[in-house]
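**Q** Supplied in structure tokens, the structure appears directly below.
The values are calculated or read from the model by the stated rules, or taken from the named source; none is laboratory data. Note that the coordinates shown come from a computational prediction; the quantities given were computed from them, not determined experimentally. Positions of Cβ are generated from backbone atoms using ideal geometry, with glycine treated the same way; all protein chains shown enter the neighbour counts.
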Amino acid sequence: MRYIFFRTFFVVLAVLTFGAYPAYGIIVDRIAATVNGDVITLSELEGWAQPLVQKYTNEEMSKEEIETKRQEIFAQVLPQLIDDRLAKEEVNKLGIKIGEREIERALDQICEDNYITRDQLSEKLVSEGHTLEEYKKELKQQIERAELINAQVRAKIVVTDEQVNEYLKEHPLNNSSSATLYIMQHICAKFEGGDPESRKEARRRIEEAYNALSEEKDFKEVARNYSDLPSGQDGGYLGAFTLKEMAPFVKQAVVNLKPGDFSDIVDTQVGWQIFKLKEIVQSGQADLDSAQIKEIRKKLYREQINARFEEWLRELRSKSTIKILL
């Protein structure tokens, strides 16, 4: 995964950024809007808008300028809150329930994508003024929204080869990057930091995986059987990266590999890992079977989902009773 902190997780929400959290203050409440009879209070609007107000106002501005900017931000945030209420209403209608297991898997994916441990994730959240429990609540809402998208939109989306080819005409691969791309897979046996028994058990499992690979077992199948990370169910697919994008320990493990080779066992913060160099794509040499094309297909898929979901929301708004009272 990219050596960039916190790449997006879900399709429409993009898997997962640190969004703004409500900063509830003590104010005299008023009703900002109603959505099918459900009330959005002024304090909720204030809370969600506060991070933007802090970002786009300063002490050098007059009171009038600050108030004008606040109202501009409120006008931008309120429609988002209305959409959020509409989405929650649909989630409840469909009986979508997200349990602790799904949340934990999402957290594992976030840690995997960013090569960090759960402790490091907690430290990052604390440094931004949040807690892991707060983040899990936000994550739960994001997963609910993703399930809603699955139910209402995703089944209707198809990305054809013609669409991919049209994208390539407008964005030729040889113009998108001059760097060599390394297409990689991996297997990870997780362990708990500071727990010798956990490390020992994880080491045993990764050695079993390594021995299976040495016996020329299929990497995808071994990943499904031994990897503790969600990517294991996708055959251990990790992504396409340049050397600059790789974490140092990943680069060291794969830089001297030939396509089809796998690395020695690597001790990482997430767990014991094995990396496989599936393919090297030189600039302008990718074909329709390459992982680079797979990434383009994913991009087009996300764009279609975003557009279709916005269309679905517009239809939902038109059928709803929405009153803005500010």
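**Q** From (1) in a helix (DSSP H, G or I); (2) more than 15 Å from Ile265 (Cα to Cα), pick out the condition that doesn't hold for Asn211.
**A** Going through (1) in a helix (DSSP H, G or I); (2) more than 15 Å from Ile265 (Cα to Cα) one by one, Asn211 breaks only (2).
**Q** Name the pairs whose Cβ atoms lie under 6 Å apart, with the first residue in region 195-219 and in the same structural domain as Val266 (by TED's automatic domain parsing) and at pLDDT 95 or above, the second of a type in the set (Lys, Arg) and surrounded by 11 or more Cβ atoms within 10 Å (Cβ to Cβ), and 6 or more positions between them or separate chains?
**A** Every condition considered, the pairs that remain are Phe219/Lys276.
**Q** Go through region 43-78 and count every residue that is assigned to a loop (DSSP other than H, G, I, E, B) and surrounded by 12 or more Cβ atoms within 10 Å (Cβ to Cβ).
**A** Final tally of qualifying residues: 2.
**Q** A further question on this structure: What single numbered condition from (1) in the same structural domain as Phe249 (by TED's automatic domain parsing); (2) modelled with pLDDT of 80 or more fails to hold for Ile149?
**A** Going through the list (1) in the same structural domain as Phe249 (by TED's automatic domain parsing); (2) modelled with pLDDT of 80 or more, Ile149 breaks only (1).
**Q** Identify, by number, the condition in (1) more than 30 Å from Phe241 (Cα to Cα); (2) not in a helix (DSSP H, G or I) that Leu81 doesn't meet.
**A** Just one mismatch for Leu81, condition (2).
**Q** Looking at this structure, is Leu86 of a type outside the set (Ser, Thr, Tyr), in contact with a Ser or Thr (Cβ under 8 Å, 6 or more places away or on another chain) and assigned to a helix (DSSP H, G or I)?
**A** yes
**Q** Can you tell me which residue in region 288-300 is surrounded by the most Cβ atoms within 10 Å (Cβ to Cβ), limited to those that are in a helix (DSSP H, G or I), at pLDDT below 85 and out of contact with any Lys or Arg (no Cβ under 8 Å at 6 or more places or on another chain)?
**A** By that ranking, first place goes to Ile296.
**Q** Same structure, new question: Could you list all residues from region 206-222 that are of a type outside the set (Val, Ile, Thr) and touching a Leu at 6+ places or on another chain (Cβ under 9 Å)? I'd like the intermediate steps shown before the answer.
**A** Here is the first cut: in region 206-222, the ones of a type outside the set (Val, Ile, Thr) are 207-221.
Matches in region 206-222: Phe219 only.
**Q** Considering each residue of region 226-264, count those that are of a type in the set (S, T, N, Q), touching a Gly at 6+ places or on another chain (Cβ under 8 Å) and either part of a helix (DSSP H, G or I) or farther than 19 Å from Asp113 by Cβ (or both), and give that number.
**A** Residues flagged as of a type in the set (S, T, N, Q), touching a Gly at 6+ places or on another chain (Cβ under 8 Å) and either part of a helix (DSSP H, G or I) or farther than 19 Å from Asp113 by Cβ (or both) within region 226-264 amount to 0.
**Q** May I pose another question? Identify, by number, the condition in (1) at pLDDT 90 or above; (2) buried (at least 17 other Cβ atoms within 10 Å of the Cβ); (3) touching a strand residue (DSSP E or B) at 6+ places or on another chain (Cβ under 7 Å); (4) under 26 Å from Ile143 (Cβ atoms) that Val39 doesn't meet.
**A** The one condition Val39 does not meet is (2).
**Q** Next question, about the same structure. Among Gln304, Gln285, which is at pLDDT below 90, more than 30 Å from Thr117 (Cβ to Cβ) and in a loop (DSSP other than H, G, I, E, B)?
**A** Only one candidate qualifies: Gln285.
Listed here are the residues, each with its yes/no results for (1) at pLDDT 95 or above; (2) among the hydrophobic types (A, V, I, L, M, F, W, C); (3) over 24 Å from the mean Cα position of the chain (by Cα); (4) outside the structural domain of Ile143 (by TED's automatic domain parsing).
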| residue | (1), (2), (3), (4) |
| --- | --- |
| Thr57 | no, no, yes, no |
| Met61 | no, yes, yes, no |
| Leu81 | no, yes, no, no |
| Leu86 | no, yes, no, no |
| Glu89 | no, no, no, no |
| Ile96 | no, yes, no, no |
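**Q** Working only within region 219-267, note down all residues that are among the β-branched types (Val, Ile, Thr) and buried (at least 19 other Cβ atoms within 10 Å of the Cβ).
**A** Residues satisfying the conditions are Val222, Val250, Val254.
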